[in-house]
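Here's the structure we're looking at; comments come further down.
The values are calculated or read from the model by the stated rules, or taken from the named source; none is laboratory data. Because the structure is predicted, anything quoted here is derived from the model rather than measured. No Cβ is skipped: glycine too gets one built from the backbone with ideal geometry, and neighbour counts run over all protein chains shown. The accessibility values were calculated without ligands, DNA or RNA, using every heavy atom of the protein model including side chains. Shrake-Rupley method; radii C 1.70, N 1.55, O 1.52, S 1.80 Å.
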Amino acid sequence: MCLGRLGLLLAASAVCLPGPAPAQSRQPALTAIRAGRLVDVERGEVRRDQLIVVRGERIEAIQPGTTRPPSGATVIDLSRYTVVPGLIDCHAHMIGDLTDADALLPLQRSGAEEAFSGVRNARSTLLAGFTTVRDVGTYRALVDAALRDAIDDGTVIGPRMAVAGAYVTVTSGGGELIGAAQDVTIPADYRFGVANTADEVRERVRAILNGGADFIKIMATGAVLTQGTRPGASEYTEEQIRAAVEQAAEYGTYVTAHAHGAEGIKRAVRAGVRSIEHGSLVDDEAIALMKEKGTWLVADIYNGDYIAAHGREHDWPEEILRKNEETTETQRAGFRKAVAAGVRIAYGTDSGVYPHRFAARQLPYMVRHGLTPMQALRSATLSAAKLMGWEDRVGSLTAGKLADIVAVPGDAMADLKSFENVAFVMKGGTVYKDAKASP
Ligand SMILES: [Zn+2]
């Protein structure tokens, strides 16, 4: 059965499609959720038998399970489940089909095809339990902003999104489309963020933010998946990255830096970026600097395994497979050191490089590499919300926050692998996946 707003159950996939926005005169929907186990990520504890009261799109109260549900409330029984805040992925790519290594694939697809790929990816992300994502880049500029808006106005089913709009990258750098012949001109909307001087960086940051992006993603080093670039090589000076940080600050927002190499990480951290993406070749000095400056680490420590297996199977270029091998285990070792040093950790997976339905697969990897299960879950909820600056609305099951609620069968904290099979997804008080309809 489908609850929340006007809904329609598609039995085959257990998806509830919200109908048109309710008429103004309707009372906000009132729902009471019986939670067998409720994970309080703020206090770091699991509480048995709780009642979550949801009015409209927000959590109204969390009470002991013995409390009588408010009259008129629709009751959802999740007493055999572990109930957690909606998950958050701080490094996701909703647009395109990145699981194919053909570097020029984005040029073979129309803008409409790119947008519809986002519709598919957003839907599977939400149904995997991720009610919020930070989308850190699309080759075709600002398709992510259009997807965010379409989700927000109810046209498309998907997570809440904060978007980067385009990659700020040097010419032929980590954020460029590569693989075309030297005399072929790549269209301008795939090169929206290309900037080679501090002044150009400022100008592109303004254009991206004026175009509707929420924050800035700068490519501080080369990339594993961009052929010809070197993950260890710095692509911007500290001064150029600082130009992005200062310009973004003028708009009240921040910069996150794609950075594998240790020198690129240090330049970005000194320049004042809010987070480091990947961090694969981080060294002790960079870790100490991140700790000192409070810089977040968003390390995608699962997908190296996926790329290795899928890439071999599908004949991905040797160069990509080699760079993936060179960064996977060093990244995990660096992650363990960063955790031990007390660097702030937020969950980010590079989903899109692998299928979005696997977005929770990284949780047990984080436990394997130094976090407790509670810390790992917190990285994908409260900490992620803090990195995004959204902790006032999402990231924990707290009265007053948006009712983004996910349930996993049984005692999910005993084995975070169980998060691969979330049974129930509510976003903003609307049920999108219903536990009763799940196998
Ligand atoms: Zn990425």
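Numbers for the structure displayed
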quantity	calculated
Odd one out for residue 221 among (1) hydroxyl-bearing (Ser, Thr, Tyr); (2) away from the ligand (no atom under 16 Å from the Cβ); (3) closer than 24 Å to residue 142 by Cα	(2)
Subset of the range 150-168 [touching a residue at least 40 places away in the same chain (Cβ under 8 Å) and surrounded by fewer than 24 Cβ atoms within 10 Å (Cβ to Cβ)]	154, 157, 160, 161, 162
Condition broken by residue 285, with the remaining ones in (1) crowded, with 18+ Cβ neighbours inside 10 Å; (2) part of a helix (DSSP H, G or I) satisfied	(1)
Count - residues of the range 371-396 that are under 15 Å from residue 343 (Cα atoms) and either in a helix (DSSP H, G or I) or open to solvent by 50 Å² or more (accessible area, probe 1.4 Å) (or both)	9
Residues within the range 215-270 that are out of contact with any strand residue (DSSP E or B) (no Cβ under 8 Å at 6 or more places or on another chain) and aromatic (Phe, Trp, Tyr), tallied	1
Boolean, residue 253 is open to solvent by 10 Å² or more (accessible area, probe 1.4 Å), hydroxyl-bearing (Ser, Thr, Tyr), more than 16 Å from the ligand (Cβ to nearest atom) and over 24 Å from residue 164 (Cα atoms)	no
Search result, residues across the range 398-417 that are under 19 Å from the mean Cα position of the chain (by Cα) and open to solvent by 20 Å² or more (accessible area, probe 1.4 Å)	417
Subset of the range 288-313 [in contact with a Phe, Trp or Tyr (Cβ under 8 Å, 6 or more places away or on another chain) and not in a helix (DSSP H, G or I)]	297, 298, 299, 301, 302
Criterion: more than 16 Å from the ligand (Cβ to nearest atom) and crowded, with 17+ Cβ neighbours inside 10 Å - qualifying residue of 352, 304, 334	334
Any hit, the range 225-242, residues being open to solvent by 20 Å² or more (accessible area, probe 1.4 Å) and within 20 Å of residue 90 (Cβ to Cβ)	yes
Subset tally (residues that are of a type outside the set (D, E, K, R), farther than 29 Å from residue 390 by Cα and not in a loop (DSSP other than H, G, I, E, B)) for the range 191-229	1
Number of the exception - residue 140 against (1) under 19 Å from residue 357 (Cα atoms); (2) within 16 Å of the ligand (Cβ to nearest atom); (3) not aromatic (Phe, Trp, Tyr)	(1)
Scan of the range 185-235 for residues that are over 25 Å from the mean Cα position of the chain (by Cα) and of a type in the set (Ser, Thr, Tyr), ordered by number	185, 197
Filter result for the condition that a residue is part of a loop (DSSP other than H, G, I, E, B) and on the phi > 0 side of the Ramachandran plot, over 179, 175	179
Wholly enclosed strands (runs of 3 or more DSSP E) of the range 25-106 bearing at least 2 residues under 28 Å from the mean Cα position of the chain (by Cα) and within 16 Å of the ligand (Cβ to nearest atom)	87-92
Number of the exception - residue 344 against (1) among the basic types (Lys, Arg); (2) more than 17 Å from residue 280 (Cβ to Cβ); (3) at pLDDT below 95	(3)
Subset tally (residues that are within 15 Å of the ligand (Cβ to nearest atom) and closer than 13 Å to residue 296 by Cβ) for the range 256-267	3
So residue 268, is it at pLDDT 95 or above, within 19 Å of residue 341 (Cβ to Cβ) and in a helix (DSSP H, G or I)	yes
